[in-house]
Amino acid sequence: MTQGGENFFNAIRRGILAVLDALEVVFVATPWMVIIAFVMALTALSSGIRAAIFSGAFLAYMGVIGLWVLSMQTLALLGTGACICIGFGIPFGVYCARRPKVYRYVQPMLDFQQTMPAFVYMIPVIAFFGTGKPAAVVVLSLIHISEPTRPERRSYAGFCLKKKMGGGGG
């Protein structure tokens, strides 16, 4: 039993490391001017030109003071955690929207989860995954998994309600 559990968590660790290493290679190997331009373009489209200028200035500052590699490694950790949250949270939100009884049981757990400090999640994760980057990604994902779940549940439920009422929806 112990060996089977160890293999299971090692497989998860290897999967997380594969995504994390790929993102780190992309972020660190890409010239910093390209990443700054890309981030500024995305920020300008989503939040406006002032936020884009601020983002570009901050990233340029990271490059000038020599923290570029560390900041890109941090960005890779956050990106990996976000991919996991989105990958599990959106389908789970749709599942909860289609089954209100399930959501009645899940909602108190999500509420409780959001009120717990991060250290509460770290202790069991360290026991299962050890310390290091994969454990950090798992803790980040556990803390934030409810964020894509709730809005997706609400938007999917609203979509289904419009469809039932004959209002279209697509």
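Compute, for region 1-147, the length of the dipole vector about the Cα centre, with Cβ point charges of +1 (Lys, Arg) and -1 (Asp, Glu) only. Units Debye, rounded to 20.
Approximately 400 debye in magnitude.
Counting only heavy atoms of the protein chains, get the accessible area per residue of the chain (1.4 Å probe) and round it to a whole Å² value.
Per-residue value: 65 Å².
Carbon and sulfur: what percent of the chain's accessible surface (1.4 Å probe)?
Answer for the chain: carbon and sulfur cover 72 percent of the accessible area.
Calculate the spin-label point distance for Leu45 paired with Ala11, positioning each point 7 Å from the Cα along the beta-carbon direction, and give it in nanometres.
Rounded to a tenth, the inter-label distance reads 3.7 nm.
For region 5-20, in order, what is each residue's ³J(HN,Hα) by Karplus, 6.51 cos²θ - 1.76 cosθ + 1.60 with θ = phi - 60°, in whole Hz (x at glycine and Pro)?
Values per residue, Gly and Pro as x: x, 5, 5, 4, 6, 5, 5, 4, 4, 5, x, 5, 5, 4, 5, 4 Hz.
Say each of Phe58 and Tyr105 gets a label point 7 Å from the Cα, pointing the same way as Cα to Cβ; how far apart are those two points in nm?
4.1 nm
P(r) tail for the chain, what percent of Cα pairs lie past 30 Å?
36 percent
Taking θ as phi - 60°, what are the ³J(HN,Hα) couplings along region 109-126 by the Karplus curve (6.51, -1.76, 1.60), each to the nearest whole Hz, with x for Gly and Pro?
Once θ is set to phi - 60°, the couplings for region 109-126 become 5, 5, 4, 5, 4, 6, 8, 7, x, 4, 5, 5, 7, 5, 4, x, 5, 5 Hz.
Per DSSP H run of n ≥ 4, the term is -39500 (n - 2.57); total these for the chain, divide by its residue number, and report the mean residue ellipticity at 222 nm rounded to 500 deg cm²/dmol.
One gets -30000 deg cm²/dmol as the mean residue ellipticity at 222 nm.
The values are calculated or read from the model by the stated rules, or taken from the named source; none is laboratory data. Because the structure is a prediction, the values reported are computed rather than measured. Glycine also receives a Cβ, built like all others from the backbone with ideal geometry; neighbour counts cover every protein chain displayed. Side chains included, ligands, DNA and RNA excluded: accessible areas come from the protein's heavy atoms. Shrake-Rupley method; radii C 1.70, N 1.55, O 1.52, S 1.80 Å.
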